[in-house]
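What follows is a set of notes on a single structure, which appears directly below.
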Amino acid sequence: MKFRDAGGQLLDEGIALYFPAPHSYTGEDVLELHGHGGPVVMQMLLATCLDSGARLAEPGEFTRRALLEGRLDLAQAEAVADLIDAASREAARCALRSLSGEFSAAIEALRMALVELRALTEAQLDFPEEELDEFHREASARRLVAVRAALDQVLDQSRQGSLLRSGIHVVLAGSPNVGKSSLLNRLAGEERAIVTPIPGTTRDALREPIHIEGVAVILVDTAGLRTSSDAIEQLGMARTQQELGRADVVLAVYEAGSDLPPLRNLPEVARIEVYNKVDLRPGFEAPQGAIAVSARTGEGLAELRRAILSAAGWSATGESVFLARERHLRALSAARTHLGRAAAEQARWELFAEELRLAHDHLATITGAFSADDLLGEIFSRFCIGK
Ligand SMILES: Nc1nc2c(ncn2[C@@H]2O[C@H](COP(=O)(O)OP(=O)(O)OP(=O)(O)O)[C@@H](O)[C@H]2O)c(=O)[nH]1
Ligand SMILES: [Mg+2]
């Protein structure tokens with residue numbers, strides 16, 4: 001059809017699609033105009049709509065409306081933003097699964113199990129003198145064990161998924177000249193970092209996003225650690241320490257066959273010991289658990305890639321991973337803590353019931369069954385404009 005402005009002037013030709021409620025994304029009446037695109041024509045079309053009384057959507061407004069109309073729950077709404085922001089194939093796949101409601105269903109199943117357990121418990125509170133007391137206690141203890149196991153599983157799947165959201169931070173650390181920058185270049189498949197035979201080449205931390213088996217990994221090359229009086233090098237080493245503080249996995253890089261002292265003061269995170277330059281040491285055997293590689297020939301790199309994923313806790317089962325947000329992880333952990341307390345309070349029925357209630361409330365915040373308005377505002381303000 002032809003798009004014209006208020007004066008009848010032709011703007012563009014395109015399609016107008018009408019979605020009557022409730023068969024639209026938001027569940028309301030929606031009219032979509034599809035033009036030819038191009039910034040100028042689009043701007044004119046938009047200006048004409050605005051002049052006729054429309055207004056621009058706020059960030060996340062469509063999804064917010066969909067939520068308020070009950071088309072999506074909170075976890076699904078967040079999955080929309082995750083899908084748009086997905087930085088890797090795996091992340092996009094997981095976001096889509098959350099959007100289709102898989103994560104919400106898992107949370108809902110936990111919540112329902114808790115509701116049943118609570119119903120059983122509260123009934124006991126009303127009739128404390130009943131004879132069946134002991135029987136009920138045992139039944140609820142059994143149910144609690146099952147709910148805790150199910151929650152642990154969801155938490156585990158969510159922790160894995162949270163790695164997909166943010167990408168796995170892998171920091172290369174080691175003495176100068178062991179080949180950290182060369183390894184980064186090899187893993188990235190590009191000459192990103194400067195490599196020279198001069199110890200102390202890298203002065204600043206360098207980040208390089210890569211993918212390993214479809215999983216986003218952020219490699220960080222750092223200044224080699226040694227005692228140095230060079231002011232720039234010292235600043236560089238301070239950055240190395242900062243980066244180490246954010247690492248999910250540390251690659252402690254050594255030179256094969258040289259007896260450099262082991263790295264000290266590494267953070268308490270997963271670590272892989274890497275012996276580089278094995279091409280110079282034929283027959284070199286890496287110590288137990290360490291990996292021998294050559295940035296020059298590429299030897300050992302496939303093994304190193306696999307080791308990075310497994311050290312980060314990524315298992316390639318893929319299918320059952322939830323793209324959880326920090327908020328979800330916190331709620332799940334809080335629920336877990338309360339269930340743990342409930343297990344310890346089985347002799348005191350009122351406290352047991354109260355802990356169950358608290359666990360239930362935390363779970364409910366994930367899908368938004370009882371969410372406060374400010375939480376909604378916080379979530380939607382991070383959306384890209386419109387959607
Ligand atoms: N033969 C051989 N040489 C390597 C290998 N990896 C790195 N080198 C050489 O070792 C020297 C130092 O490499 P870099 O990658 O700059 O080492 P670095 O650990 O980043 O050093 P700094 O930035 O100074 O801390 C360069 O001359 C590289 O060509 C390897 O696997 N085999
Ligand atoms: Mg370097």
Looking for whichever is under 30 Å from H360 (Cβ atoms), surrounded by 14 or more Cβ atoms within 10 Å (Cβ to Cβ) and polar (S, T, N, Q) here; the options are S24, S104. Which one fits?
S104
Within segment 184-194, restricting to residues that are surrounded by fewer than 18 Cβ atoms within 10 Å (Cβ to Cβ) and not small (G, A, S), the one that is farthest from ligand 2 (Cβ to nearest atom) is E190
The listed residue being exposed (fewer than 14 other Cβ atoms within 10 Å of the Cβ) and in contact (Cβ under 8 Å) with a residue 24 or more places away in the chain, out of L225, L263, L235
L235
In segment 163-173, which residues are touching an Asp or Glu at 6+ places or on another chain (Cβ under 6 Å), assigned to a strand (DSSP E or B) and either more than 11 Å from ligand 2 (Cβ to nearest atom) or more than 24 Å from P262 (Cα to Cα) (or both)?
I168, H169, V171
Return the total of residues in segment 188-215 being away from ligand 1 (no atom under 12 Å from the Cβ) and modelled with pLDDT of 90 or more.
8
Could you check how many residues of segment 195-240 are more than 19 Å from P261 (Cα to Cα) and within 14 Å of ligand 2 (Cβ to nearest atom)?
19
Take the residues in segment 263-295 that are near ligand 1 (Cβ under 10 Å from one of its atoms) and in a loop (DSSP other than H, G, I, E, B); name whichever of them is modelled with the lowest pLDDT.
R281
In segment 174-219, which residues are in contact with a helix residue (DSSP H, G or I) (Cβ under 6 Å, 6 or more places away or on another chain), in contact (Cβ under 8 Å) with a residue 60 or more places away in the chain and part of a strand (DSSP E or B)?
G174, I212, V215
Could you tell me which of the residues A81, A92, A75, A47 is free of Cβ contacts under 8 Å to residues at least 12 places away in the same chain, assigned to a helix (DSSP H, G or I) and either crowded, with 17+ Cβ neighbours inside 10 Å or not aliphatic (A, V, I, L, M) (or both)?
A92
Pull out all pairs, ordered by first then second residue, where Cβ-Cβ is under 7 Å, the residues are six or more apart or on different chains, the first lies in segment 13-38 and is part of a loop (DSSP other than H, G, I, E, B), and the second is aromatic (F, W, Y).
G14/F3; Y25/F62; T26/F62; G35/F3
Please go through (1) farther than 28 Å from E213 by Cβ; (2) within 14 Å of ligand 1 (Cβ to nearest atom) for A238 and return the number of the only condition it doesn't satisfy.
(2)
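The values are calculated or read from the model by the stated rules, or taken from the named source; none is laboratory data. Predicted model, so just to flag it, every value in this text is computed and none were measured. Every residue, glycine as well, gets a Cβ built from its backbone with ideal geometry; the counts of neighbours run over all protein chains shown.
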